[in-house]
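J.: Before anything else, here's the structure in question.
The values are calculated or read from the model by the stated rules, or taken from the named source; none is laboratory data. What you see is a predicted model, and the numbers here were worked out from it, not measured in a lab. Please note: Cβ atoms are built from the backbone with ideal geometry, for glycine as well, and neighbour counts cover all protein chains shown.
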Amino acid sequence: MTTALITHPEALMHQTPAKVHEQVGRLDFILRAIEDLPLDRHLAPLARRDQIVTLHDPAYVDHVLSSVPESGFAFLDPETDNETALSPTSLNAVLRAVGGAALAVDLVLTGKAKNAFVAMRPPGHHALRDAAMGFCFFGNVALAARHAMDVHGLSRVAIVDFDVHHGNGTQALLWDEPRALVVTSQQMPLWPGTGAVAERGAHDNVLNLPLSPGSGGAEMREAYAEVVLPRLRAFNPELILISAGFDCHRDDPLAELNWREADYDWLTRNLCAIAASCCAGRVVSVLEGGYDLSALAASARAHVEALLRATAD
């Protein structure tokens, strides 16, 4: 088995305003950085409405689906950051981001791939049940977890979010889901302001790992080794989902952590090792943030190379 890559050209058609950091170039740089790797490539399908309403309010889903403008941009979060906008060619990208994550789960859980990387945009881990936020419309990873539970019958799904910004949407969507363990590491303090250790979920199923501004890979590795990896082993997941944000990199313009490519390699290798011991190596990684294009491309390549190496173990 190998590593599946799920993407689609329509993800490059989600246009955003010039001032917004979440741009088409992010995905373009990643795809060019990994184009020579021996990946099993798949096109992300369109998600269905009934898949999305498993976690999102139906009225909100209909609002997103009906808000695509004929021209310009439709801002879905005007009272927050004025950055989460739909363009005339955004809708299929939004739906394929959800559908691609679900397809990756299908491929891994049916044994057609050992692990998978979903290179799609827009990201999803800030999307709330009834609101868009932080470039995100629907909770791609949370919905993939729900898909694994409802369609494939899993009872223990772990989500590890290492984006520099707290995955508040994923946490909120799965707060009352005892079948999911939601682990997030993030710079704190930093927008969106959530992610305190005291936020533990309705079933003690949330683990937050705040990281101090200015800290680097050494601090991250120590925290994961002491806190996260033992918790994952104890949970004994049947599948590990990763919200792969690469904005902890020292060159990223939106935060103040100092990770390097080697840190993403280390973290990916250790998550894959947990998966190998618990669930036959089944890992699905889904792209989230990362806004310095060169750092993003290099970090994503290190991450995908680590996924590939895990398929040979």
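J.: From Ser299, Ser294, Ser277, Ser285, grab the single residue that is surrounded by fewer than 19 Cβ atoms within 10 Å (Cβ to Cβ) and closer than 28 Å to Phe137 by Cα.
T.: When all the criteria are applied, what remains is Ser294.
J.: I would also like to ask the following. Among the residues in segment 203-210, are any over 22 Å from Leu267 (Cβ atoms), surrounded by fewer than 23 Cβ atoms within 10 Å (Cβ to Cβ) and of a type outside the set (Phe, Trp, Tyr)? Write out each step before concluding.
T.: Quick first cut of segment 203-210, residues over 22 Å from Leu267 (Cβ atoms) only: 203-204.
Right, trim to surrounded by fewer than 23 Cβ atoms within 10 Å (Cβ to Cβ) and you get 203-204.
Within this subset, residues satisfying the condition of being of a type outside the set (Phe, Trp, Tyr) are 203-204.
Yes, segment 203-210 has at least one match.
J.: Here's a follow-up. Just name the residue that is farthest from Arg221 (Cα to Cα) out of those in segment 275-300 that are outside any helix (DSSP H, G or I) and hydroxyl-bearing (Ser, Thr, Tyr).
T.: Looking at the filtered set, the residue picked out is Tyr291.
J.: May I pose another question? Ala101 - would you say it is among the hydrophobic types (A, V, I, L, M, F, W, C), under 28 Å from Met1 (Cβ atoms) and either modelled with pLDDT of 95 or more or under 20 Å from the mean Cα position of the chain (by Cα) (or both)?
T.: yes
J.: Looking only at segment 247-269, count every residue that is over 16 Å from Val228 (Cα atoms) and without any contact (Cβ under 8 Å) to a residue 60 or more places away in the chain and tell me the total.
T.: Going through segment 247-269, the residues over 16 Å from Val228 (Cα atoms) turn out to be 247-262, 265.
Subsequent filtering for residues that are without any contact (Cβ under 8 Å) to a residue 60 or more places away in the chain retains 249-251, 258-262, 265.
Matching residues across segment 247-269 total 9.
J.: Here is a list of conditions, (1) assigned to a loop (DSSP other than H, G, I, E, B); (2) more than 19 Å from Ala196 (Cβ to Cβ), and Pro213 meets all of them except one; can you say which number that is?
T.: (2)
J.: Could you tell me whether Asp106 is of a type in the set (Asp, Glu), over 16 Å from Glu10 (Cα atoms) and surrounded by fewer than 24 Cβ atoms within 10 Å (Cβ to Cβ)?
T.: When the stated conditions are applied, Asp106 passes them.
J.: Report yes if Val20 is more than 17 Å from Val284 (Cα to Cα) and not in a loop (DSSP other than H, G, I, E, B), otherwise no.
T.: no
J.: Quick check on my filter: what residues within segment 42-56 are of a type outside the set (A, V, I, L, M, F, W, C) and surrounded by fewer than 16 Cβ atoms within 10 Å (Cβ to Cβ)?
T.: Correct list: Arg48, Arg49, Asp50, Thr54.
J.: Looking at (1) part of a helix (DSSP H, G or I); (2) free of Cβ contacts under 8 Å to residues at least 40 places away in the same chain, which one does Cys272 not meet, given that it meets all the others?
T.: Here Cys272 clears every test but (2).
J.: Let me ask something else about it. Restricting segment 109-129 to residues that are over 22 Å from Asn168 (Cβ atoms) and within 14 Å of the chain's Cα centre (by Cα), which is surrounded by the fewest Cβ atoms within 10 Å (Cβ to Cβ)?
T.: Among residues in segment 109-129 that are over 22 Å from Asn168 (Cβ atoms) and within 14 Å of the chain's Cα centre (by Cα), the one surrounded by the fewest Cβ atoms within 10 Å (Cβ to Cβ) is Ala119.
J.: If you don't mind, another one. Given Asp176, Asp247, which one is among the charged types (D, E, K, R), under 20 Å from the mean Cα position of the chain (by Cα) and closer than 20 Å to Ala148 by Cα?
T.: Asp176
J.: So, one more: With in contact (Cβ under 8 Å) with a residue 24 or more places away in the chain, crowded, with 21+ Cβ neighbours inside 10 Å and over 26 Å from Met1 (Cβ atoms) as the only criterion, which of Leu39, Leu95, Leu91, Leu27 stands out?
T.: Answer to the check: Leu95.
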